[in-house]
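S.K.: Got a structure here, written out as structure tokens. Questions coming.
The values are calculated or read from the model by the stated rules, or taken from the named source; none is laboratory data. This structure is a prediction, so every number in the text was calculated from the model and none was measured. Using ideal geometry, Cβ is built from the backbone for each residue, glycine included, and neighbour counts are taken over all protein chains shown.
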Amino acid sequence: MSIRIESRENARIKRLVKLSADRKFRLETGEMVCEGGKMLEEALSSGIAIHAVLVADDASVSTSVLHHAQQMGAKLYSCPPALLKKVSNVKTPQGVVFSCTRPVTALHSLAGSHRLMVLEGLQDPGNLGTIMRTADAFALDGIILCEGCADPTSPKVVRATMGAVFRLPIAVAGVEEAAAFVRKQGLTLYAAALGADSVPITQVSLHRAAVLIGNEGRGVSKKALALSDRQMIIPMEGRAESLNASVAASIIMYEMSRGEAR
């Protein structure tokens, strides 16, 4: 049985809207908001705690999925399509909005990792979500987010991950703490940056490594460069000066997966 909601002044509606829009509120509550039946299935498969599921009257979502969510402790709510549209973060809502625990792990849970991405100052939600999705595709052990990164549990990032947010370990740490952790794992920390001592990615072993990607415009900070073991570049024969951060990260992660295969 679901609880009926008709008013946008309802406390549950207000909470979902605030979770969607307010990063500070997500951090304070430890929750986030997601949309869609497929994303709900991904969340349930991961074992993450689902708190509330809001379903529009015209939603095409499996009753078995909703029953599973309810069995796992989620509260079910139904509402008119127009009300769910007020809660949704997209132009064309998928009929289901739900809140769940933020899937952000502690840094120590990445112990024993062989391949990690370390991101610093990555601010574009689409870039971050794409990197998370690609890291999941190439079976990296996790991603460490350092100072200045977008919230990995914001609605835009979560959509871009295509469910990877529930499959890929994500930790948050300062760049100094991240560098110390990487070294403790016996990994080499490479910074993707152009410098006098930078070496082509084709000339380094990424079998056991962590790679640092910096801000979309400024690149890796001087502080982070000083903490890195080596700097590397992606050789380019064309005239472009640089690559989009998520594109560069994707090429690097592909090379990391090739190193693992070798």
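S.K.: Quickly run through region 159-202 and pick out the residues that are β-branched (Val, Ile, Thr), surrounded by fewer than 17 Cβ atoms within 10 Å (Cβ to Cβ) and in a helix (DSSP H, G or I). Show your work before the answer.
M.R.: Initial filter on region 159-202 (β-branched (Val, Ile, Thr)): 161, 165, 170, 172, 175, 182, 188, 199, 201-202.
From what is left, the residues that are surrounded by fewer than 17 Cβ atoms within 10 Å (Cβ to Cβ) are 199, 202.
Within region 159-202, 202 is the sole residue that qualifies.
S.K.: Could you figure out which of (1) at pLDDT 95 or above; (2) within 22 Å of the chain's Cα centre (by Cα) isn't true of residue 192?
M.R.: Residue 192 satisfies every listed condition except (1).
S.K.: Does region 34-54 contain at least one residue that is of a type in the set (Val, Ile, Thr), free of Cβ contacts under 8 Å to residues at least 60 places away in the same chain, out of contact with any strand residue (DSSP E or B) (no Cβ under 8 Å at 6 or more places or on another chain) and not assigned by TED's automatic domain parsing to the domain that holds residue 150? Can you show your working first?
M.R.: Restricting attention to region 34-54, the residues satisfying the condition of being of a type in the set (Val, Ile, Thr) are 48, 50, 53.
Now drop any that are not free of Cβ contacts under 8 Å to residues at least 60 places away in the same chain, which leaves 50, 53.
Imposing the further condition that a residue be out of contact with any strand residue (DSSP E or B) (no Cβ under 8 Å at 6 or more places or on another chain) reduces the set to none.
Checked against the condition, which is being of a type in the set (Val, Ile, Thr), free of Cβ contacts under 8 Å to residues at least 60 places away in the same chain, out of contact with any strand residue (DSSP E or B) (no Cβ under 8 Å at 6 or more places or on another chain) and not assigned by TED's automatic domain parsing to the domain that holds residue 150, region 34-54 yields no hits at all.
S.K.: Looking only at residues in region 46-99 that are in a loop (DSSP other than H, G, I, E, B) and among the hydroxyl-bearing types (Ser, Thr, Tyr), which one is modelled with the highest pLDDT?
M.R.: So in region 46-99, the residues in a loop (DSSP other than H, G, I, E, B) come out as 47-49, 57-62, 72-74, 80, 88-95.
Within this subset, residues satisfying the condition of being among the hydroxyl-bearing types (Ser, Thr, Tyr) are 60, 62, 88, 92.
Numbers: 60: 86, 62: 87, 88: 92, 92: 87.
Filtering first and then ranking leaves 88.
S.K.: Exactly one condition in (1) more than 17 Å from the chain's Cα centre (by Cα); (2) closer than 15 Å to residue 99 by Cα is false for residue 80; which is it?
M.R.: The one condition residue 80 does not meet is (2).
S.K.: Within region 152-172, is even one residue under 23 Å from residue 224 (Cα atoms), among the aliphatic types (A, V, I, L, M) and out of contact with any strand residue (DSSP E or B) (no Cβ under 6 Å at 6 or more places or on another chain)?
M.R.: Within region 152-172, the first condition is being under 23 Å from residue 224 (Cα atoms), and the residues that meet it are 152, 169-172.
Filter once more, keeping what is among the aliphatic types (A, V, I, L, M): 170-172.
Filter once more, so that each one left must be out of contact with any strand residue (DSSP E or B) (no Cβ under 6 Å at 6 or more places or on another chain): none.
Checked region 152-172: no residue is under 23 Å from residue 224 (Cα atoms), among the aliphatic types (A, V, I, L, M) and out of contact with any strand residue (DSSP E or B) (no Cβ under 6 Å at 6 or more places or on another chain).
S.K.: If residue 29 passes every condition in (1) touching a residue at least 12 places away in the same chain (Cβ under 8 Å); (2) over 17 Å from the mean Cα position of the chain (by Cα); (3) farther than 30 Å from residue 206 by Cα but one, which one does it miss?
M.R.: (1)
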